[in-house]
Structures are given as C-alpha cells and as structure tokens.
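Accompanying notes for the structure given below.
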Amino acid sequence: MPRHHPPLLAAGVALTLAAAAARGQTLPAGFADSLVASVGAPTAIAFTPDGRMLVTTQGGTLRVLLGGVLLPTPALTIPSARICANSERGLLGVAVDPDFATNRFVYLFYTFRKWGVCPTGQPTRTDNPVNRVSRFTLPDTNVVDPASEVVLVDNVRSPNGNHNAGDLRFGRDGTLYVTTGDGGADYAGDSGGGGSNDASRDEFQLLGKVLRITRDGGIPPTNPFQGPGTARCNVAGETTPGNRCQETFAWGLRNPFRIALDPNAATTRFFVNDVGQNAWEEVDALAAGADYGWNCREGEHVASSSGPCSPAPPGMVDPVWEYPHGSTVPGTTTSGCNSVTGGAFVPNGLWPGFDGAYLVADYVCGAIFRLTESGGAWGASDFVKGLGSSSATSLTFGPWGTAQALYYTTYAGGGSVRRITYGVAGNSPPVASASATPRGGSVPLDVTFSAAGSSDPDPGDVLTYFWDFGDGSPAFSTTSLSTPYTYTTPGTYTVTLRARDQDFAFSAPVTLTVVPGNQLPVAAIASPAAGATFAVGETVTLTGTGTDAEDGALPPSALSWTVLLHHDTHTHPFLGPTAGNGLTFPAPAPEDLLAATNSWLEVVLTVTDSAGLTHTVSRDLQPRKVTLTFATVPPGLHVTVSGTSLPGPSAVTAWEGWSLAVDAPPQSGPGGVWYELESWSDGGARAHVVVVPAAPATYTATFREAVVATTGLFTLEPCRLVDTRAAAGPLGGPALAAGATRSFVAHGSCGVPATAKALVANVTAVDAAAPGFLTLFPTGRSQPLASTLNFVVGRPRANNVLLLLGTGGSFDVAAGFGAGTVHLVVDVSGWLE
Ligand SMILES: [Ca+2]
Ligand SMILES: [Ca+2]
Ligand SMILES: [Ca+2]
Ligand SMILES: [Ca+2]
C-alpha cells in the first residue's frame, strides 16, 4: 500500500495527533517560541503592508489579526456548500497583492464544491470538486464581500482528496505563483494512485505544477510555455492532450505544498518543498520550464520506469536537497521525518549567523531544519526540534516590533499560529536617522545616503545599517555611516533605513524620498540685496524667487524664510521659518555694547518644488556700525551707557538707529570731591535715551562739584521726627521692609525750617527681623556705599548722624537686610542752614 504523508490530515486524525503533540521545543540560545493566536487547522499566513496578519483555515475562513489580536469574526467564511474541506482539501493558500495599499486585493486557493459533493478515493468520478485561485477585495473593515470574488484559475482537479498543494506567493517580478498537486491518484484512471499516479506528467493538465499568472489571471510575457502547442487552461483546468498549459511555470511535481520566496535575492528566487512518496522528501530550486521528475523520480532516485517514464525523460532537474524517510536527517539529530511542509529564507541581517539560510519544516517529526549552502551544495543542521506531530505546516517571516519574526502554523494542540523570535535580554534597540544628498537631479543620479545621527541607548553598541533603496533592489547592509547609491531610472522612491545593533535588535524604520530624474529647484534672494546694510528699526523686506525645471516659477508658498541673528560664534533664531514672499520685519538692536561689535543677521531662503526637492541659499545682512564717544568734564568721571559704566572719554561701537540708555549719576571724583551732573552736551536729562545717528558723534557729560555750604547751627530740644511704630503716615508706620527705600520729609516738622540743609539727629533701629543696616542719604542722590547704622536682632541700635537733606527737604532711608522689617526712629536735636 502506498504510503501517504498528507500535510493536512482529516479532522479525526488530527485530533489523535494533537493529543500526542508536545510543546517540548528545543531552540538555539536567544530564540523563543510563543503563541500568537489559537486558530484551528491554520494553513497559510500572509501580511498586508499595513501590518495585518491574514490566516487561512482549512475549513474555509480567512482570519485577520490586528496588532497581534485575532478578530473574532472571520473576514470571509466560504460557505460549506461551496467548499470541500475533507481530506487535504479546503482553503489552503493566501497571498497579498504587492499593490495592496492601493487595490486591496488578496488571493485565495480553495477547493470548490462544484457538484455539491466531496467524494474521496474515487478519482475518475465526474463530480469530484475542483481547486481554484480567486481574487477578493479586503477592505479596511476586514469584511470581504463574497461578491468581490474574481476566479483567476478554475477547475484544477481534486480527484482523490489529497495532494492539492495550494500555496500562493507573489514573486519580486509582481506575478503570482501557484502550486498544484498531482491529485493523489490518477484522474484518468489509466495509471494508479500514489507512486503510480503520473498525472503531473500530463502537460495539458494543471496538476503537479507551479503556475504563474498576472494579478488579473493573465499570462506573464516571460512564461516558458507559449505559442504553438500551448493553450490557456485557466477556465477548464486543462487543454487538449499534446498541448501545454500556458499557466505552467514548472512541472513534474508531486505535492509542492509550500514554496518560499528568497527576500535576499535581487530577482525572483523560489524554493519548492515537494512532499515525497515512500522514501525521499525534497527541496527544489524553481526554474522556468523545469521538470522536477515526478513520478519518474523521487528525489534524485528512480521511482518509476514505466508509462511516461519509459524511456526516462531527458532534462529532469534534481532537488537541491533531499532527506530520507525514517533515518536521521543528515547533519541533524532528528529522525522520523517523513513529510516536508513549510519553508522560509531568513532575511539577511535578521538573526546572528543565519544570513543565506533556508528553513524547512517536517510535519511528521515536528522539526524545522536550517539549510545552508556551501560550494553549491545544501546541508542541514538542527534549528528547532520537538514541535510535535502535525507541526509546522507553513512558515513565513513577518513583522515583529521593529524587527521580523518567523511565523508558523501548526495543527498540533488544536491549531495555532506561533512565532519564533530572537532577542538578547536587557538590550535596547537603536534609533535610526537618515539623510540623502542630493535627493534629485538627472539620471544616472549618484546619491550619498547617510545614517549619521543614528544612535543606541546602550553604551558601546555597534550599529549596522540596512538600506532599502525603494527601487526593488535587495536590502543593503553596511557598518559605514555613508552609503553611495546610483539610480538609473527616473521615479519617486521611498528609501527606508533601519539600524541594528550587534545583538540583532532593530530600530524602527525611518524613510525619506528621492526623486531621480527630477531637477532640483533653484533659490535666489532678491532682497535684501548683496551688500545691503540696516539700521535698527528699519524695515527689512524679504523677496526672492524659486525656479524649477519641471514646475517653472514656484509660488510664494514654496518659499520659506529663516533669519538668524549671529552673535560671535553662535546664532539665535530671529524669524521663521515662514512661508511666503515679500515678508517684512523691523531690524533688531544688538543685545549689548559687546554684541554690537560682533553680531549680524543672516537671511536664509529655502525653496521646495512639487516633488519635495529643496534648494537653500543665504545672505548676510550687516548693521551700519557707528562709533560714539562718551566724554566727561572733568575727564575720568563715569557715565553709564546701555548698562555699562564707562570712564570719559570712551569710544563705543553702536548700530545706527539703536536707542541707547545713557546716565550721568552723582559720583565721587578725583580728590574725593562729590560730583553731580550739570548738563549733557545734547541737552538731555541726567538719564536719557540717545538714538544712534548715522555719523560718528561725541556726547559729553559736564559735572559740577556738589558742595553743601552752611552758615549756622541751630539746636532743638530733642524731638522725635520719625517713628515707624506709630500709626501709618508720612513720618510713621509702616516698618521699613527689607531691601526697600523710603523717603521722609524733614522740612516743617519738629521745627525744622524750609531753609534747613542738614539735620543733627539720632537714628535708632528697633525690632529688626534680621541683622542688617540702614543707609540715610539726601533724596535725589545715589545711595552711597557707606551705611549709617548696623543692627542686630533682639536689641535696639542707635547712632548720632549729621544728615544732609535732599530734594524737597527730605532724606531717603535704605534698609539692607535679608527678610522681614525693621522699625526706624529718628530724633532731631538741631539743624544747619
Ligand atoms: Ca495517467
Ligand atoms: Ca522531484
Ligand atoms: Ca542596543
Ligand atoms: Ca524639480
């Protein structure tokens, strides 16, 4: 009796095996296997570009996982009246259109219950079901309208129940590859079942083949069988004997249940996992027009030498790898492996040491092997063992966080989707940063891509950069920050950079756009003109142009202005970025006198064309500097200019139009003589504002000696002039506050006449909240450095003073201490006039 190794077992059998399935996997260090979702009888997985995971079940549902969560309602349930899911039949494959983002197309392979019944083991019945490939539309609602179905390939026979194959994968060439089995037993009834079934050698049948069609079901122009002696088989599943089906891409296969596209190859490269009969499981490298030998050969070995195998057909292609039933798989520690199922190429750079590896699963021994090529020969080693019987069925890499994981389906344990991941505990992923120069220009366009600015939170981590240039070329990896790349075809390309550390943690992707064949725009500043200067407060107008080979004159909205205020070696943002043309702003003043010597403006114009390409120009705009001289009479006294005390004469650099604050305060001069301002040469008050003129100028402060002459001393009975402990009033409360200055008028109180120029007084500080000092000085004068009275907390302090009166016959009291208040008492015992 021929042995069958059905990758998909009938439900009753699957339950028996599920009970025996163990989750005692062994994985290499750093790898983990975890449950994604429990899904009964899962057959295939595909991912949409927006991150949805699609899972087909043999019974006929299309399930969707959003963010790793299985939606409770299937996106599509093929009604039982329309599907045969017995034996190895059912919904067996799913593919996502390369342009899914715009067309929302998904493709399904299922067994159509064409005649209302699902017989098994009766291959010549005329009412057996048929396999078909259909296109559906999967909207964002995740509800597929059954009416969206477009049948692309139909009536592929399913004569016996088993060997339906049923994988769907898009190649890098944008065409859809479809696998079909030999039907398990001869549909024509002229050979037999199992190893005797020669249906895959019937080139007019879509059985035991890899098919290739366009997304609309058409024949790609490079399919191998076209022209005389060929015909379409998409409607009937066959043509007349003696002709070949134009859908056929390769043939001579038994049950090519799963195929795998190499994501690392520059062109479309598939491996085909063809389930064997009694002795050998095999992996084939897919090639156009190739005959993989079944049923004349099983693996590299003669299987039949009768019928179409007599004489042996020429040009049969051997597998790239095979392994025997029963005994240990060469290179591994695993035995009892009898049915090859899913396969997947490991994306380069994803896992340490796995570049170039092909993973292949066996359904009977529950293992995934790691195949590597050396000298043109492929050899196996253990990767994962102990997945249990009925596992894994299909393999595919898909998104996992910022990296990718190996996803697989298993019938074990009731059915589930699981994933195998790699990660080092405690390691954080890097953060990528990408730029490109130039982003446009004539083709061939040499672009320098830069990963500068990429980083990793873990000190000392070494980064590798993975560039996807967006033009279909394979991902490129490098440890260099700078990567040159040449585009030869005009277009708009989205370039993606991911950074990876030495522990194989990936950054989130970052993208940028390059537009080879599109010319960069040209920016020009018209105003301010080259060499233009400004005065403070003057209106500066920003006008410019942007011109582009494709767009012509760019609109004002395409112009963006930034003005920087340079100060010595750094800059301050002053304006923008602001879009438009003809913008105006008042020219600024310098920060201070020093900044006036080393500050200027820089006007920056960036123009952007409709392709997003930019060009930036800039122009310096200098202030009109003016030298001002500040002199004093007598020389050597000080004036204050913009907050800076300068000895007269001093020359300063100022900007035309700048409003400079000047002051000539009373001060001690040569010989200890006290000086006060008599007049400024420009007629201004002691403190006034000078608007810097266009030409150099001198400002002179003329001082006079501030002498107070008296002719008589008059005495009084001591009289209390001020007591802040008393009720609030000009000479009463409140207490003096820390840091505050208060004025008291002496004229007219305690008998002090309006002619008094000074007081003889006793000053007392009482109830101080903190230690400090009092300074009493004539109102209208600057506070002198010398204090009048120092006090402490807890006891009154007093001092006798001769107190000069100032403006209005009053004196000021400044209270210098940290916090709180102090009371002031002033007793007068005489005056001078
Ligand atoms: Ca036959
Ligand atoms: Ca073969
Ligand atoms: Ca890291
Ligand atoms: Ca352009």
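Can you tell me which residue in region 627-677 is most open to solvent (accessible area, probe 1.4 Å), limited to those that are without any contact (Cβ under 8 Å) to a residue 40 or more places away in the chain and assigned to a loop (DSSP other than H, G, I, E, B)?
The qualifying residue most open to solvent (accessible area, probe 1.4 Å) is P635.
Could you check region 371-400 and list, in sequence order, the residues that are touching a strand residue (DSSP E or B) at 6+ places or on another chain (Cβ under 8 Å) and small (G, A, S)?
G379, A380, S381, G386, G388, S390, S391, A392, S394, G398
Of everything in region 66-116, what is free of Cβ contacts under 8 Å to residues at least 40 places away in the same chain, under 24 Å from P49 (Cβ atoms) and among the aliphatic types (A, V, I, L, M)? Give them in sequence order.
V69, L70
Looking at region 199-244, which of its residues are under 43 Å from the mean Cα position of the chain (by Cα), of a type outside the set (A, V, I, L, M, F, W, C) and assigned to a strand (DSSP E or B)?
Within region 199-244, just R212 meets the criteria.
Please pick out the residue among V536, V522, V510, V540 that is within 30 Å of F466 (Cα to Cα) and not hydroxyl-bearing (S, T, Y).
Going through V536, V522, V510, V540 in turn, the sole match is V510.
Restricting attention to region 603-621, which residues are away from ligand 4 (no atom under 16 Å from the Cβ), surrounded by 16 or more Cβ atoms within 10 Å (Cβ to Cβ) and not basic (K, R)?
V603, V604, L605, L621
How about region 293-320: which of its residues are farther than 16 Å from D362 by Cα, open to solvent by less than 10 Å² (accessible area, probe 1.4 Å) and without any contact (Cβ under 8 Å) to a residue 60 or more places away in the chain?
The answer is G293, and nothing else.
The rows are residues; the columns are (1) open to solvent by less than 10 Å² (accessible area, probe 1.4 Å); (2) farther than 16 Å from V106 by Cβ; (3) away from ligand 4 (no atom under 16 Å from the Cβ); (4) among the hydrophobic types (A, V, I, L, M, F, W, C).
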position: P139; (1), (2), (3), (4): no, no, yes, no
position: H163; (1), (2), (3), (4): yes, yes, yes, no
position: L168; (1), (2), (3), (4): yes, no, yes, yes
position: G181; (1), (2), (3), (4): yes, yes, yes, no
position: S196; (1), (2), (3), (4): no, yes, yes, no
position: G218; (1), (2), (3), (4): no, yes, yes, no
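Residues to consider are A285, A290, A265, A250; find the one that is away from ligand 2 (no atom under 13 Å from the Cβ) and open to solvent by less than 40 Å² (accessible area, probe 1.4 Å).
Numbers: A285 fails: away from ligand 2 (no atom under 13 Å from the Cβ); A290 fails: away from ligand 2 (no atom under 13 Å from the Cβ); A250 fails: away from ligand 2 (no atom under 13 Å from the Cβ).
Every option except A265 fails the conditions.
Looking at G208, G229, which one is closer than 27 Å to C296 by Cβ, of a type in the set (G, A, S), modelled with pLDDT of 95 or more and surrounded by 19 or more Cβ atoms within 10 Å (Cβ to Cβ)? So that I can check it myself, show each step before the final result.
Working: G229 fails: surrounded by 19 or more Cβ atoms within 10 Å (Cβ to Cβ).
That would be G208, the only listed residue that is closer than 27 Å to C296 by Cβ, of a type in the set (G, A, S), modelled with pLDDT of 95 or more and surrounded by 19 or more Cβ atoms within 10 Å (Cβ to Cβ).
I'm trying to understand the selection: among the residues of region 718-760, which are open to solvent by less than 30 Å² (accessible area, probe 1.4 Å), at pLDDT 95 or above and touching a Ser or Thr at 6+ places or on another chain (Cβ under 7 Å)?
L721, G732, A735, L736, F744, A746 - these are the residues of region 718-760 that are open to solvent by less than 30 Å² (accessible area, probe 1.4 Å), at pLDDT 95 or above and touching a Ser or Thr at 6+ places or on another chain (Cβ under 7 Å).
Within region 112-151, which residues are among the small types (G, A, S) and closer than 21 Å to S191 by Cβ?
Taking region 112-151 and keeping what is among the small types (G, A, S), we get 116, 121, 134, 147-148.
Once the filter is applied, which keeps residues that are among the small types (G, A, S) and closer than 21 Å to S191 by Cβ, region 112-151 yields only G121.
Can you pull out every residue in region 268-282 that is part of a loop (DSSP other than H, G, I, E, B) and either outside the structural domain of H163 (by TED's automatic domain parsing) or open to solvent by 10 Å² or more (accessible area, probe 1.4 Å) (or both)? Talk me through it step by step, then tell me what you get.
Step one: of region 268-282, the residues part of a loop (DSSP other than H, G, I, E, B) are 268-269, 275-279.
Passing the criteria: T268, R269, N278, A279.
The values are calculated or read from the model by the stated rules, or taken from the named source; none is laboratory data. Predicted model, so just to flag it, every value in this text is computed and none were measured. Glycine gets a Cβ as well: all are built from the backbone with ideal geometry, and neighbour counts include every protein chain shown. The protein model used for the area step is the full one, side chains on, heavy atoms only, and it has no ligands, DNA or RNA in it. Shrake-Rupley method; radii C 1.70, N 1.55, O 1.52, S 1.80 Å.
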